[in-house]
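Read through the structure below, which is laid out as structure tokens, and then see the notes.
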Amino acid sequence: MTEPVLLSVEGVAVDLPTPRGNLRAVDQVDLKVGAGQTLGIVGESGCGKTMLSRAILQLLPKKAKLSGRVMFDGQDLVTLDPERLRKLRGRSLAVVFQDPMTSLNPVLTIGTQLIETLQEHLELDGLPAKKRSVELLAAVGIPAPEQRLMQYPHQLSGGMRQRVAIAIALSCEPKLLIADEPTTALDVTIQAQILDLLAREQRRRHMAMILITHDLGVVAGRTDEVAVMYAGRVVERAPTPALFKKMRMPYTEALLAAIPKIDAAPHTPLPAISGRPPDPTRPIQGCSFSPRCRYATGRCYQDKPLLIQAETPDHQYACFHPIKAAAGVSA
Amino acid sequence: MATLELGIDENVAISAIGRRRRLGPLFWAAIAWMILVFAAAALAGLLPFGPTDMDMLERRAPPSALHWLGNDGLGRDELARLIYGARVSLTVGLCAPIIGITIGGALGMLAGYFRGRFETLVVGSMDVLLAFPPLILALAVTAYLGQSILNLTCILGVLGIPAFMRVARAATLTLARREFVIAAQALGATHARILLRELLPNVILPLFAFFLLGVAVTIVVEGALSFLGLGVPPPVSSWGSMIGEGRESLEMAPRLAFIPAVTMFLTVLSFNLVGDTLRALSDPRQGAL
């Protein structure tokens, strides 16, 4: 990573009090994102990806307890006073949510939502703000942007709505964009378009991006670095090419194996990861993946593996029995 | 085959335009009645008779060319009293829910958005207000402060606050959890901005529909209070007091009680119909929002 570090997450943990006891959603996560770089965060549902992104934005539910530091551009967001944090959001930090059906206000027109954001943050007047909104909508690939300004979210398709959400997020030229499963709620045919759009705008604006997904295939060609999360912890972290060439963590391997292959014979059973993620309210001894891991031995049930270095310093994994042979993956 | 496809396309186009939901003749009849009542109340000054001009020779006179609806027990023109009564009924009926929607709506939105101790306090105090028998409260206040339109409006307004608070809070609670609120926070919006620009346009729809129902209820309650002699002081006429006065001559001239009763019935029905239609329109399950 040659770029200066823009965001550095240091020892962040999120605890949620629930009726069944304390739920540790994010457990001691360390991450770094350089300016203009893309970090992919991969993991299955409920592994703490979204909670981590909310922790970075300081938008956790009120009851949640956050510890650790989130250094963004030289400031610790956790201890930053609310007013300065508010000014940072939108202008330097932006987010695109999973479901464009609910992330846009249903009773305001697209134009109102875009123009007001611009007026609020960039202090533009009505007419320049409108002009810029049209440019933004055109930039995210919305045809006839002037007419769209007058429309309400329910008059647009899911893909269009997500494009509008991206336009709003990009409106103030943020330094970091967090895309929280931006394509999960969309049609498969639209997914690639939206991801390409995000990648293109990111390159053009030299913006850092955190791409959160449950699909290793999504991060493969579009990220510089990948962090694999399991049960609230980062279990493997590596530059994207290194990860796909030589993954160490059995969980990463299992995730990759679970992607259906186009050249597989018809009626091939899909390889699924057996079992379910552990109940986060009951922390288990040892490696949290051990009950589902096919390499697990006695030690895996006793001690928690820590992140250790592989051959290169930027490839880290948390496993006692890393996969030795290069997993012959032709992705 | 080609003509068939064309035909389908046309239907689709028509149904797309026709998506503005049909409101039905009942809705428009209700709107027409409301306009008539409002216009009559606004133009009451043009009437040749005042509501208190007595003509003792014409007591309980039947309808004539001069007095279209006849005269009441004191020889006053029934139509004039009905129209001036509309002024009182509509003033109280509109102003009291405005007090309710403003204070109740604001409290409800703040409670639903900020939650915590403030919500407990607001909901608790509203429960106390709801537990208080409304008629006793109205009686007590008019006994102390005297009978006037202003006092009546204030009492009915305060009594309406809990209901508006509940509607606003329920709507805010569900909306505040939606992602667009988190998205607005992520864009650096202040609490005031989120409440006024993001939540209020969403909450105002159910609140306004409830407001129209509130107008209907308030007109009835005002009528009931006036009927009991707790409403506007005589000789000012309101529909409720007219029914009350007409009760005395129910055997000789039943129309004196029935005409204001029918007027009130139609007005209340109109407000209910319009309110219901608007509520159905703003209902997200049907509105496909």
Specify the angular offset, from 0 to 90 degrees and rounded to the nearest 10, of the alpha carbon long axis of helix A:158-170 from the longest principal axis of the alpha carbons in chain A. 80 degrees
Estimated inter-spin distance, B:Phe38 and B:Ala170, nm [label 7 Å along Cα→Cβ]: 2.7 nm
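Which value, in Å³ per residue, describes the convex hull spanned by the Cα atoms of the protein assembly as shown?
Details: hull volume 145.5 nm³, N = 620.
Convex hull volume per residue, Cα atoms: 235 Å³.
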If you split all Cα-Cα distances of segment B:86-287 into 10 Å bins from zero, what percentages do you get per bin, shortest first? 9, 30, 30, 19, 9, 3, 1, 0
Using just the C-alpha positions of chain A as equal point scatterers, what log10 of I(q)/I(0) does the Debye formula give at each q in 0.07, 0.12 1/Å? -0.30, -0.88
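What average number of partner chain Cβ atoms lie no more than 10 Å from the Cβ of the residues making up B:196-202? Walk me through the numbers on the way to the answer.
Details: counts 0, 6, 5, 2, 1, 5, 4.
Mean partner-chain Cβ count within 10 Å for B:196-202: 3.
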Going by how many other beta carbons lie within 10 Å of each one, how would you line up B:Trp68, B:Trp33, fewest first? B:Trp68, B:Trp33
Mind jotting down the distance between the C-alpha centroids of segment A:75-99 and segment A:214-280, whole Å? 30 Å
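Divide by every residue of chain B the summed helix terms, -39500 (n - 2.57) for each DSSP H run of at least 4, and state the resulting mean residue ellipticity at 222 nm, rounded to the nearest 500 deg cm²/dmol.
Numbers: 12 runs with 199 residues, N = 289.
One gets -23000 deg cm²/dmol as the mean residue ellipticity at 222 nm.
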Just the Cα atoms of segment A:59-188: what Rg and Dmax do they give in Å? 15.7, 46
Quick one: give the max-minus-min coordinate of the C-alpha atoms of segment A:66-112 along each principal axis, largest first, in Å. 37, 20, 16
Would you work out if segment A:14-73 is rounded, prolate or oblate? Take a ≥ b ≥ c from the square roots of the eigenvalues of the alpha-carbon gyration tensor; rounded if a/c is under 1.5, else prolate when a/b is larger than b/c, oblate otherwise. prolate
Hey, what does the equivalent ellipsoid look like for segment A:199-308, semi-axes from the Cα gyration tensor as sqrt of 5 times each eigenvalue, largest first, whole Å? 27, 20, 13
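Sequence gap at least 6, Cα distance under 8 Å: using those rules, report the relative contact order of chain B to the nearest whole percent. Intermediate values should be presented prior to the final figure.
On the way: 382 pairs, mean separation 63.8, N = 289.
Value for chain B: 22 percent.
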Return the whole-Å distance between the Cα centroid of segment B:102-118 and the Cα centroid of segment B:141-183. 10 Å
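Determine the calculated [θ] at 222 nm for chain A from helices alone, applying -39500 (n - 2.57) to every DSSP H run no shorter than 4 residues and normalising by the residue count; nearest 500 deg cm²/dmol.
On the way: 10 runs with 100 residues, N = 331.
Calculated mean residue ellipticity at 222 nm is -9000 deg cm²/dmol.
When Cβ neighbours within 10 Å are restricted to other protein chains, what is their mean count per residue of peptide A:137-146?
Working: counts 0, 0, 0, 0, 0, 0, 0, 0, 0, 0.
Per residue, the average neighbour count from other chains is 0.
Any idea what diffusion coefficient segment A:161-239 gets from Stokes-Einstein, in µm²/s, Kirkwood Rh on alpha carbon pairs, 4 °C, 1.567 mPa s? Present the calculation step by step, with values, prior to reporting the outcome.
Numbers: Rh = 13.3 Å.
Result for D is 97 µm²/s.
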Likely footprinting exposure, A:Arg20, B:Arg279, fewest C-beta neighbours within 10 Å first: A:Arg20, B:Arg279
Label model pair B:Ala140, B:Leu121: point-to-point distance (7 angstrom along the Cα→beta-carbon line) in nm is 2.2 nm
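Test of understanding: ordering A:Met207, B:Met252 by Cβ neighbours within 10 Å, fewest first, what list do you get? If you can, show how the numbers build up before the last one.
On the way: A:Met207 21, B:Met252 10.
Lowest count first: B:Met252, A:Met207.
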May I ask which residue of A:Thr112, A:Gly158, A:Ile168 lies farthest towards the positive end of the charge dipole of segment A:102-173, with charges of +1 (Lys, Arg) and -1 (Asp, Glu) on Cβ and the Cα centre as origin? A:Gly158
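Charges at C-beta only: +1 for Lys and Arg, -1 for Asp and Glu. How large is the resulting dipole of chain A about its Cα centre, in Debye rounded to 20? Could you put the intermediate results ahead of the total?
On the way: 39 positive and 33 negative charges, 113 e Å.
So the dipole magnitude of chain A works out to roughly 540 debye.
From the Cα trace of segment A:102-173, what convex hull volume per residue do you get, rounded to a whole Å³? Display every interim value, and only then the final one.
Numbers: hull volume 5.5 nm³, N = 72.
Given the Cα convex hull of segment A:102-173, per-residue volume reads 76 Å³.
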Top positive-direction residue, dipole computed over segment A:186-331 with Cβ charges, set A:Ala220, A:Pro278, A:Ala238: A:Pro278
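Given the pairs A:Lys87/A:Lys304; A:Lys65/A:Lys175; A:Lys246/A:Lys304; A:Lys32/A:Lys87, which are separated by over 29 angstrom at their Cα positions? Please list the in-between numbers first.
Working: A:Lys87/A:Lys304 40 Å; A:Lys65/A:Lys175 26 Å; A:Lys246/A:Lys304 22 Å; A:Lys32/A:Lys87 22 Å.
Checking Cα-Cα distances, A:Lys87/A:Lys304 exceed 29 Å.
Kyte-Doolittle cut-off -1.0, length cut-off 24 Å along the helix's own axis using Cα: show which whole DSSP H helices in chain B pass.
Numbers: long enough: B:24-42 (27 Å, 1.95); B:78-99 (31 Å, 1.24); B:149-176 (38 Å, 1.57); B:200-227 (39 Å, 2.03); B:255-282 (40 Å, 1.21).
What comes out of the filter, once short or polar helices are dropped, is B:24-42, B:78-99, B:149-176, B:200-227, B:255-282.
With charges set only on the Cβ (+1 for Lys and Arg, -1 for Asp and Glu), what does the dipole of segment A:102-173 come to about its Cα centre, in debye to the nearest 20? Provide the component values of the computation, followed by the final result.
On the way: 6 positive and 7 negative charges, 64 e Å.
Computed about the Cα centre, the dipole is about 300 debye.
With only Lys, Arg, Asp and Glu charged, each at its Cβ (+1 for the first two, -1 for the last two), find how big the charge dipole of segment B:86-287 is about the Cα centre; round to the nearest 20 debye. Numbers along the way, then the final one.
Working: 13 positive and 10 negative charges, 130 e Å.
The dipole of segment B:86-287 has a size of about 620 debye.
Every read-out reported here was derived from the displayed coordinates using simple, explicitly stated rules and does not represent laboratory data. None of these values were measured; they are calculated from a predicted model. Quick reminder, even Gly has a Cβ in these numbers, built from the backbone with ideal geometry, and neighbours come from all protein chains shown.
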